[in-house]
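Notes for the one structure printed next.
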Amino acid sequence: MTIFSKIIAGEIPCYKVAENDRFFAFLDINPVNWGHTLVVPKKETDYLFDIDDEELGEMMIFTKKVAEAIKKAIPCRKVGMAVLGLEVPHAHIHLIPLQNEGDMDFAKKISNPSPEKMMEIAQSIAKFY
Ligand code: AMP
């Protein structure tokens, strides 16, 4: 069971943003920018592009809805999307509110984001989902 499956199962806490029967979205615990969100399929697959066409299509539709909610909740020009998957072997899409291209720099993280602010952000995005 991956760490993301444990989050989905409620065994590990997270700042939940949205969920449907097949996908789950929550804040990245080490955000590169406020509102940095991860979208994951409930079914475990390591590599995003190994997911079958039908599920990947549905995942993109869910991701779009989450991105629209982020755009409403967090002041930004656009919501960027990235796929890394180098750390956690459970496919996921990073959604990141952008003011400029530097906001997509994965080498720069917000240091010690407070639980209160993370909770407030997750709840404000969830309201628009
Ligand atoms: P990568 O697999 O390279 O896309 O990186 C995994 C991402 O998952 C990183 O940005 C981590 O900060 C994030 N991450 C790892 N564990 C957790 C967790 N328990 N809750 C939220 N985000 C996490």
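The values are calculated or read from the model by the stated rules, or taken from the named source; none is laboratory data. The structure displayed is predicted, hence computed values, not measured ones. Here the Cβ positions follow ideal geometry from the backbone for every residue, glycine too, while neighbour counts run over all protein chains shown. Accessible surface is based on the protein model in full, side chains and every heavy atom, while ligands, DNA and RNA are left aside. Shrake-Rupley method; radii C 1.70, N 1.55, O 1.52, S 1.80 Å.
Whenever a residue of the range 104-123 is assigned to a loop (DSSP other than H, G, I, E, B) and open to solvent by less than 90 Å² (accessible area, probe 1.4 Å), its partners that are within 13 Å of the ligand (Cβ to nearest atom) and not polar (S, T, N, Q), lying with C-beta atoms within less than 7 angstrom and at least six residues away or across chains, give the pairs Asp105/Val32; Phe106/Val32; Phe106/Leu84; Ile110/Pro31; Pro113/Pro31.
Filtering Gly35, Gly80 for residues that are open to solvent by less than 30 Å² (accessible area, probe 1.4 Å), touching a Cys at 6+ places or on another chain (Cβ under 9 Å) and away from the ligand (no atom under 11 Å from the Cβ) leaves a single hit, Gly35. Within the range 1-31, the residues that satisfy the criterion of being among the basic types (Lys, Arg) and either within 11 Å of the ligand (Cβ to nearest atom) or in contact with a strand residue (DSSP E or B) (Cβ under 6 Å, 6 or more places away or on another chain) (or both) are Lys6, Lys16.
Taking strands (runs of 3 or more DSSP E) as the structural unit, those lying wholly within the range 1-45 and holding at least 2 residues that are under 12 Å from the mean Cα position of the chain (by Cα) and without any contact (Cβ under 8 Å) to a residue 60 or more places away in the chain correspond to 23-27, 37-41. Report yes if some residue within the range 86-101 is within 13 Å of the ligand (Cβ to nearest atom) and closer than 18 Å to Lys127 by Cβ; otherwise report no. Scanning the range 86-101 turns up at least one residue that is within 13 Å of the ligand (Cβ to nearest atom) and closer than 18 Å to Lys127 by Cβ.
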